[in-house]
Amino acid sequence: MDDLAGFLRTRRSRVDPASVGITVDSRRRVEGLRREEVAHLSGVSVDYYVRLEQGRATQPSEQVQDALARVLCLDETERGHLGRLACQRRRRMSAPTGRVRPELVQILDLTAGAPAMIMNYRTDVLAANRLARLLYGHPVPGLNTARHIFLEETERGLYADWETCTLDAVGHLRLAAGTYPEDPRLASLIGELAMGSERFRRLWARADVRARTHGRKAFRHPLVGLLELHQENFALPDESGMELVVLSAPPGSPAEDGLRLLASLDTGSDDAVDAVDAVEGAQVRE
């Protein structure tokens, strides 16, 4: 699913030669650095670096990894990804079972004022509280957020920053592919996304990696409107590959009011219709 050779090629093509002290002129046709330039700056032979990019050498030492990370201007997330790719053949990490402990489900239920979910590295939602189910308008378990973002066209409008969401999803799946290269379910998901989404194919070819930690996440909910939330991802400490994801609203914000309204809705009741009419009326008055 992911390999060291491809990652090195894409990183090399993005380094500005001037940033590493190489003067170029208009006749240069290579995008980024040349292989021999990376080798020279990293302190390895050109032959060895060429074998790395061709997949004929696959396990560079920690010292070589550090040198490549410096020359290729890798950030912390990319450096970690490089290390995992470099030791794939020595390390065989089996896919976690994905079982959610009852105590974790109880924590979700206690988080009543914010959408909260347990997700795995494949972006499957394994458990969620009521507010998360109302936010996504989708039964869980059964929701895969990457599939939801790329393939379910009718749901795309839910993501107010859809393009950013696609970058995050692909970057996360790249990291997962480097960590669990032999997971057939992950490989199947990536293949499904590549077959069904041209944007996914283009982003996957870039080999970017992104760690999901925290940040802004905006939704445009069909019943309560724009919800500008803050997402926090808490990695569970049992090496399960699962995370607790909480979407919170700043106190006193319109998003807090929107979540409170969403929590009050039962989409099959007349109260829900009245509440939505009230929201739409307020928007018209504004």
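Bear in mind that the values in this text are calculations on the coordinates, not laboratory data. All values reported here derive from a predicted model rather than from experimental measurement. As a convention, Cβ positions derive from the backbone with ideal geometry for all residues, glycine included, and neighbour counts pool all protein chains shown.
Taking the Cα centre of the stretch 4-86 as origin, work out the dipole magnitude from +1 charges on Lys and Arg Cβ and -1 charges on Asp and Glu Cβ, in debye rounded to 20. List each step's numbers first, then the result.
Numbers: 14 positive and 12 negative charges, 65 e Å.
Computed about the Cα centre, the dipole is about 320 debye.
Need one number: the % of Cα-Cα pairs in the chain sitting beyond the 36 Å mark.
Numbers: 11702 of 40755 pairs.
That fraction is 29 percent.
Express in % the proportion of alpha carbon pairs of the stretch 1-75 at distances exceeding 15 Å.
Numbers: 1448 of 2775 pairs.
So the portion of pairs separated by more than 15 Å is 52 percent.
Under 8 Å for C-alpha pairs, at least 6 residues apart: give me the relative contact order for the stretch 181-254, rounded to a whole percent. Spell out each step's value before the answer.
Numbers: 69 pairs, mean separation 13.2, N = 74.
RCO, the stretch 181-254: 18 percent.
In deg cm²/dmol and to the nearest 500, what is the mean residue ellipticity at 222 nm of the chain if only DSSP H runs of at least 4 residues count, each as -39500 (n - 2.57), divided by the residue total?
On the way: 13 runs with 135 residues, N = 286.
Roughly -14000 deg cm²/dmol at 222 nm, from the helical runs in the chain.
Among GLN231, VAL209, ALA128, whose Cα sits farthest toward the positive end of the charge dipole of the stretch 102-285 (+1 at Cβ of Lys/Arg, -1 at Cβ of Asp/Glu, about the Cα centre)?
Of the options given, the answer is VAL209.
Given points 7 Å out from each Cα along the Cα-Cβ axis, report the ARG216 to ARG29 separation in nanometres with one decimal.
4.3 nm
Work out the length of the dipole vector of the chain about its Cα centre, built from +1 on the beta-carbon of each Lys and Arg and -1 on the beta-carbon of each Asp and Glu, and round it to the nearest 20 debye. Numbers along the way, then the final one.
Numbers: 38 positive and 42 negative charges, 338 e Å.
So the magnitude is around 1620 debye.
Return the distance in nm (one decimal) between the two label points of a simple spin-label model at SER19 and LEU167, each offset 7 Å from Cα along Cα→Cβ.
1.4 nm
Would you calculate the volume per residue, in Å³, of the smallest convex hull containing every Cα atom of the stretch 156-209?
Here the figure is 78 Å³ per residue.
If you take the charge dipole of the chain about its Cα centre, with +1 on Lys and Arg Cβ and -1 on Asp and Glu Cβ, which of ALA67, MET195, GLN106 is farthest toward its positive end?
ALA67
Which Cα, out of CYS87, GLY178, LEU247, lies furthest along the positive dipole direction of the chain (beta carbon charges, K/R +1, D/E -1)?
So the residue furthest toward the plus end is CYS87.
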